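Since the structure comes first, as structure tokens, the remarks are kept for the end.
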Amino acid sequence: MNENLFTSFITPTMMGIPVVLLILALPTLLFPSPNRLINNRVISMQQWSTNLILKQMMATHSPKGQTWSLMLISLIIFIGATNLLSLLPHSFAPTTQLSMNLGMAIPLWAGTVAVGLRHKTKTSLAHLLPQGTPTPLIPMLVIIETISLLIQPVALAVRLTANITAGHMLMHSAGSTTLTLMSISPMAASISFTILILLTTLEFAVALIQAYVFTLLISLYLHDNT
């Protein structure tokens with residue numbers, strides 16, 4: 001376990017040079033491109049899960065929205081693999097950085113909005129004003145809906161950052177407590193260790209769920225604009 005609670009959130013460097021790009025490129029090594037006629041079980045499982053997620057996510061999209069399939073499936077694989085790798089001991093968690101999550105959320109959100117304004121201009125602008133709004137409330141509701149639209153990428157990034165950060169801090173606290181209690185009360189240490197195992201199992205689920213939620217919300221924004 002790391003001694004410092006915030007060690008896993010500090011950008012790692014090597015000889016004074018940030019190595020974030022190498023860390024972000026690491027998940028791509030876990031998903032090799034198939035080059036054989038008959039794949040092994042690992043690649044077959046990857047392809048099966050990828051097709052299942054893609055089919056479930058893009059089933060309600062129009063042909064124009066389905067052109068985003070490759071981008072969305074790449075996004076969910078990247079976030080999921082990065083979240084899982086960050087659960088390793090003494091590892092760096094890129095998705096705990098708000099700047100990185102905003103860097104993913106803002107361009108994708110802006111792309112969906114741009115697609116809507118280009119192909120469904122009237123429908124996209126109609127979302128800013130609910131039907132049947134009284135005339136005196138029109139300016140206020142337009143401002144509120146505009147703010148609600150602009151805050152969508154921030155909500156995406158903050159949700160992912162908060163969930164991953166909270167999970168890592170809980171695991172670190174449970175691990176530190178277990179190490180401290182080992183020399184004081186073995187019974188209490190065993191209970192704390194059991195809690196740590198349960199938290200770790202929960203974090204595995206949270207890592208995959210948050211990747212799915214992030215991508216699904218982008219998919220919903222795309223669906224509303226295509």
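Tell me, please, whether a residue that is in contact (Cβ under 8 Å) with a residue 60 or more places away in the chain and open to solvent by 80 Å² or more (accessible area, probe 1.4 Å) can be found in segment 142-154.
no
Answer yes or no as to whether HIS127 is at pLDDT below 85 and under 30 Å from ILE53 (Cα atoms).
So HIS127 passes the test.
Pairs under 9 Å by beta carbon, first residue closer than 15 Å to THR161 by Cα and free of Cβ contacts under 8 Å to residues at least 12 places away in the same chain in segment 202-226, partner open to solvent by 20 Å² or more (accessible area, probe 1.4 Å) and assigned to a helix (DSSP H, G or I), six or more apart or different chains?
From residues that are closer than 15 Å to THR161 by Cα and free of Cβ contacts under 8 Å to residues at least 12 places away in the same chain, the pairs are ILE209/ASN163.
List every residue pair whose Cβ atoms lie under 6 Å apart, where the two residues are 6 or more positions apart in sequence or sit on different chains, the first residue falls within segment 65-92 and is buried (at least 19 other Cβ atoms within 10 Å of the Cβ), and the second residue, located anywhere, is not in a helix (DSSP H, G or I).
Final answer for the pair search is GLY65/THR226; SER86/ALA93; PHE92/PRO12.
Counting only residues that are without any contact (Cβ under 8 Å) to a residue 24 or more places away in the chain and surrounded by 10 or more Cβ atoms within 10 Å (Cβ to Cβ), how many does segment 41-59 have?
13
Here is a list of conditions, (1) at pLDDT 85 or above; (2) open to solvent by less than 50 Å² (accessible area, probe 1.4 Å); (3) over 13 Å from the mean Cα position of the chain (by Cα), and PRO107 meets all of them except one; can you say which number that is?
Condition (2) is where PRO107 drops out.
Say we look at segment 174-186 and pick out the residues that are out of contact with any helix residue (DSSP H, G or I) (no Cβ under 9 Å at 6 or more places or on another chain) and either closer than 25 Å to ASN101 by Cβ or of a type outside the set (Ser, Thr, Tyr) (or both); which of these is least open to solvent (accessible area, probe 1.4 Å)?
In this case the residue turns out to be PRO186.
The values are calculated or read from the model by the stated rules, or taken from the named source; none is laboratory data. Everything quoted here is computed from the prediction, not taken from an experiment. Every residue, glycine as well, gets a Cβ built from its backbone with ideal geometry; the counts of neighbours run over all protein chains shown. These accessible areas exclude ligands, DNA and RNA; they are computed on the full protein's heavy atoms, side chains included. Shrake-Rupley method; radii C 1.70, N 1.55, O 1.52, S 1.80 Å.
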